[in-house]
Amino acid sequence: MAKWKSPIFSDIRNKLGENVVFSMWKGRPYMRSYVKPANPNSLKQQANRDHMAKIIAMYQANVKGDESIAAAWDVEALPSLISGYNIFAKYGRTGTVTATDLSATTISITVANSAIPADRLAVMIYDLNTTTYKLPTTKRGEGTYTEADFTAWVPAAGDLIYIADTKVLDGADIESTARLYKAVNHWTKNIATGVADAMVVT
């Protein structure tokens, strides 16, 4: 990295052809050689991109079109000084979700490294039989969730599994009420296939 002082280039921030990049660091201008970004398009990258695209689509489908729900996410984002969309995307893309077993007889979903605060984070279920969303009775935060954490849920093929911020509240809604707009993620990244697989009970 090279420093320079020049009345001509004092605030230039761009690249010059394919050779030099001009920018600023801590208020000081610098220039460096241009390096073309690597983009090997590996299966891991494809899975990450697919995952992010699906999270954005979830936001657009369940949050963006409703002013009160969008406002609820903006309130959640306020302490971080970012938008509701940004915090939704952050919560959705961070964390590691491992669906060890999604058979109808035994459910095991482990959540780790999530950006959602521990008192807000939970696995949320869509019970196809009752057409209702369910939150765990008491369990919150990272860890392993099983069917025993839910009241009156008998896992069946087709039930859907989400990661949710339980305390995003729209209007008179309460923390213990499961609603789809609370869900930020419904997939696990599959680096063997390059896609994000939906979490569905089989």
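So, in the stretch 172-184, of the ones that are under 19 Å from I87 (Cβ atoms) and not aliphatic (A, V, I, L, M), which residue ends up surrounded by the most Cβ atoms within 10 Å (Cβ to Cβ)?
Filtering the stretch 172-184 for residues that are under 19 Å from I87 (Cβ atoms) and not aliphatic (A, V, I, L, M), the one surrounded by the most Cβ atoms within 10 Å (Cβ to Cβ) comes out as K182.
How many residues are within 17 Å of the chain's Cα centre (by Cα) and either in contact (Cβ under 8 Å) with a residue 40 or more places away in the chain or more than 11 Å from V184 (Cα to Cα) (or both) when one looks only at the stretch 76-87? If you could, list the steps in order and put the result at the bottom.
To start, the set of residues in the stretch 76-87 that are within 17 Å of the chain's Cα centre (by Cα) comprises 76-77, 80, 82-87.
Subsequent filtering for residues that are either in contact (Cβ under 8 Å) with a residue 40 or more places away in the chain or more than 11 Å from V184 (Cα to Cα) (or both) retains 76-77, 80, 82-84, 86.
The qualifying residues number 7.
Limited to the stretch 132-165, what total is found for residues that are of a type in the set (A, V, I, L, M) and crowded, with 22+ Cβ neighbours inside 10 Å?
So in the stretch 132-165, the residues of a type in the set (A, V, I, L, M) come out as 135, 148, 152, 154, 156-157, 160-161, 163-164.
Narrowing further to those that are crowded, with 22+ Cβ neighbours inside 10 Å: 135, 161, 163-164.
The qualifying residues number 4.
Of the strands (runs of 3 or more DSSP E) lying entirely inside the stretch 102-165, none contains at least 2 residues that are over 17 Å from M199 (Cβ atoms) and assigned by TED's automatic domain parsing to the domain that holds T177.
Just need a number here: residues in the stretch 180-202 that are over 15 Å from Q60 (Cβ atoms), outside any loop (DSSP other than H, G, I, E, B) and among the aliphatic types (A, V, I, L, M). Can you show your working first?
Taking the stretch 180-202 first, the residues over 15 Å from Q60 (Cβ atoms) are 182, 187-202.
If we keep only those that are outside any loop (DSSP other than H, G, I, E, B) too, we end up with 182, 187-190, 195-198, 200.
Narrowing the set further to residues that are among the aliphatic types (A, V, I, L, M) leaves 195-196, 198, 200.
Result for the stretch 180-202: 4.
Candidates are the residues of the stretch 187-202 that are out of contact with any strand residue (DSSP E or B) (no Cβ under 8 Å at 6 or more places or on another chain) and among the small types (G, A, S); the one that is nearest to D50 (Cα to Cα) is G194.
Scanning the stretch 103-116 for residues that are of a type outside the set (V, I, T) and either under 13 Å from the mean Cα position of the chain (by Cα) or surrounded by 18 or more Cβ atoms within 10 Å (Cβ to Cβ) (or both) yields A112, N113, S114, A115.
Answer yes or no as to whether Y59 is among the hydroxyl-bearing types (S, T, Y) and in contact with a helix residue (DSSP H, G or I) (Cβ under 7 Å, 6 or more places away or on another chain).
Values: among the hydroxyl-bearing types (S, T, Y): yes; in contact with a helix residue (DSSP H, G or I) (Cβ under 7 Å, 6 or more places away or on another chain): yes.
Here the answer is yes, as Y59 does meet what is asked.
The set of residues in the stretch 47-69 being farther than 23 Å from A198 by Cα and surrounded by 20 or more Cβ atoms within 10 Å (Cβ to Cβ) consists of I69 alone. Looking only at residues in the stretch 33-73 that are in contact with a strand residue (DSSP E or B) (Cβ under 6 Å, 6 or more places away or on another chain) and assigned to a helix (DSSP H, G or I), the one that is nearest to I174 (Cα to Cα) is K54. Quick check, is T137 in contact (Cβ under 8 Å) with a residue 40 or more places away in the chain and among the hydroxyl-bearing types (S, T, Y)? Spelling it out, it is not the case that T137 is in contact (Cβ under 8 Å) with a residue 40 or more places away in the chain and among the hydroxyl-bearing types (S, T, Y).
In the stretch 118-131, how many residues are loosely packed, with under 13 Cβ neighbours inside 10 Å and closer than 22 Å to T94 by Cβ? Please lay out each step first, then the result.
Start the filter on the stretch 118-131 by keeping residues that are loosely packed, with under 13 Cβ neighbours inside 10 Å, which leaves 118-119, 129-131.
Subsequent filtering for residues that are closer than 22 Å to T94 by Cβ retains 118-119.
So the answer is 2.
The values are calculated or read from the model by the stated rules, or taken from the named source; none is laboratory data. Everything numeric here is computed off the predicted structure, so don't read it as measured data. Positions of Cβ are generated from backbone atoms using ideal geometry, with glycine treated the same way; all protein chains shown enter the neighbour counts.
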